[in-house]
Amino acid sequence: MKDKDETKQKIINAVGEIFKTQGRKGLKIAHIAKKAGVDRSLIYQYFTKNIDRLLEDYIIQRDYWMKFAEKIKEEVSKSNHETSKGLIIDILQKQWQYFATDTEMQHLILWELSGDSAMMRSIHNARELQGQPILELAEEHFKGTDVKFKPISALLLGGIYYANLHTIYNGNIMCGMDVKSTEGQKEIMDAIRQLVEWAYRAARNE
């Protein structure tokens, strides 16, 4: 079993190496098998002949939200809606850091946004399911107030995606600041915290 798991991971790692250097066009079974140093029959055995199965396993390993799934479940299980503020700040700040430094994930998001792919829609839907419990927990804080936190979360998340994807082709300057500089990174992190805290404070003070 250990050898099988190691071989599967070697194949998944090969997908990542090819994707980083050649993009989607390089993701062919023959190329992956050669990069992994395995016979293509092993890829078929472990992931079927549908390459989407292999790509899905690769993306799930790389995806930020999937990595945070257990933390989200743990916090939600505490059933204390006050914990949601700190958790949301932590998740969004770490997501910014992750996307700011991981060009591989940036290109995966571009792939998701640039075409009609059932596989990428499936990954997106899985992310939504992972994030839903924490949003529902947060909604307890905003119940009966005029503060609409789900749209606020959508704008924050969309901003994190766009600001980082923008730098791939258009440079680091956005809204007059260098979002990749040390100072710019700190200001972004502070702004994420401020926006979430403002929302919680506004709901409390109504």
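The values are calculated or read from the model by the stated rules, or taken from the named source; none is laboratory data. Computed from a predicted structure; not experimentally measured. Glycine gets a Cβ as well: all are built from the backbone with ideal geometry, and neighbour counts include every protein chain shown.
Enumerate the pairs (first residue in segment 176-196 and not assigned by TED's automatic domain parsing to the domain that holds F149 and part of a helix (DSSP H, G or I); second residue anywhere and basic (K, R) and surrounded by 11 or more Cβ atoms within 10 Å (Cβ to Cβ)) with beta-carbon separation below 8 Å, excluding pairs fewer than 6 apart on the same chain, so at least 6 apart or on different chains. Short answer, once both residue conditions are applied: none.
Return the residue satisfying two criteria in turn: it lies in segment 151-161 and is free of Cβ contacts under 8 Å to residues at least 60 places away in the same chain and surrounded by 13 or more Cβ atoms within 10 Å (Cβ to Cβ), and of such residues it is nearest to K85 (Cα to Cα).
In the first step, residues of segment 151-161 are kept if they are free of Cβ contacts under 8 Å to residues at least 60 places away in the same chain; the result is 151-152, 154-155, 158-159.
Now narrow it down to the ones that are surrounded by 13 or more Cβ atoms within 10 Å (Cβ to Cβ): 152, 159.
Numbers: I152: 13, G159: 19 Å.
Selected residue: I152.
Residues in segment 1-55 that are assigned to a helix (DSSP H, G or I) and of a type in the set (S, T, N, Q): T7, Q9, N13, T21, Q22, S41, Q45. With respect to E128, is the statement that it is over 16 Å from Q95 (Cα atoms) and acidic (D, E) true? For E128, the condition - over 16 Å from Q95 (Cα atoms) and acidic (D, E) - is not met.
Please go through segment 23-51 and give me each residue that is closer than 26 Å to T101 by Cα, surrounded by fewer than 17 Cβ atoms within 10 Å (Cβ to Cβ) and either among the β-branched types (V, I, T) or at pLDDT below 85 (or both), ordered by number. Selection gives G23, R24, K25. The single condition among (1) in contact with a His (Cβ under 9 Å, 6 or more places away or on another chain); (2) modelled with pLDDT under 90 that L55 does not meet is (1). When I168 is tested against the conditions (1) in contact (Cβ under 8 Å) with a residue 60 or more places away in the chain; (2) surrounded by 14 or more Cβ atoms within 10 Å (Cβ to Cβ); (3) aliphatic (A, V, I, L, M); (4) under 29 Å from N13 (Cβ atoms), the lone failure is (2). In this structure, does G184 turn out to be at pLDDT 90 or above and in contact with a strand residue (DSSP E or B) (Cβ under 9 Å, 6 or more places away or on another chain)? Here the answer is yes, as G184 does meet what is asked. Among the residues making up segment 131-149, those that are farther than 16 Å from I89 by Cβ and part of a helix (DSSP H, G or I) are Q132, P133, E136, E139, E140.
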